[in-house]
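No value in this document is a laboratory result; all are computed from the given coordinates. For clarity, every value in this text was computed on a predicted model and none was experimentally measured. Cβ coordinates were reconstructed from backbone atoms using ideal geometry, including for glycine residues, and neighbour counts include every protein chain displayed.
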Amino acid sequence: MLLGKVKGTVVATQKEPSMVGFKFLVVKPLDEKGAEVSGSVVAVDAVGAGVGEVVLYATGSAARQTVATKDRPCDAVVMAIVDTLEVGGREVYRKGRE
């Protein structure tokens, strides 16, 4: 699992039929302290995440292991919305208190 922040959405009116109905999110990777790192990924949203939320996501074959994405052509999936992030006993992120 990887830590990231939802930065935006992607709209695709034409897509593989098995992907119809899915929301796509632009996710920016975060380090363990909650700081943004380089790169970004477009991920299928399996949990109803929104722009600005910190999430856990998976890439590669692990992205096809959720109930929603099983056997679908996706390479990244958001599978959890983070409530709190603690590192070394110190809280570095709490949802709603950015």
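Identify the GluC sites (Glu not before Pro) of the range 30-74 meeting these criteria: DSSP loop state and at most 13 other C-beta atoms within 10 Å of the C-beta. Mind showing how you got there, number by number?
Working: sites: Glu32, Glu36, Glu53; in loops: Glu32, Glu53.
Listed in order of number, the matching sites are Glu32.
Give me the percent relative contact order of the chain, please, defined on Cα pairs under 8 angstrom at least 6 residues apart.
With pairs under 8 Å counted, the relative contact order is 26 percent.
Under 13 Å Cα to Cα from Lys28, which aspartates and glutamates show up? Leave out anything in the same chain fewer than 8 places away.
Straight-distance partners of Lys28: Glu36, Glu53.
Check Leu30: other-chain or 5+ apart residues with amide H under 5 Å from its amide H, H built from backbone geometry?
Sorted by chain and number, the residues that satisfy this are Leu3, Gly4, Lys5, Val37.
Exceeding 22 Å between C-alpha atoms, which entries from my cross-link table qualify? They are Lys33/Lys95; Lys5/Lys33; Lys33/Lys70. Present the calculation step by step, with values, prior to reporting the outcome.
On the way: Lys33/Lys95 14 Å; Lys5/Lys33 12 Å; Lys33/Lys70 31 Å.
With Cα atoms farther than 22 Å apart: Lys33/Lys70.
For the chain, take the alpha-carbon Rg, divide it by the Kirkwood Rh, and send me Rg/Rh.
0.99
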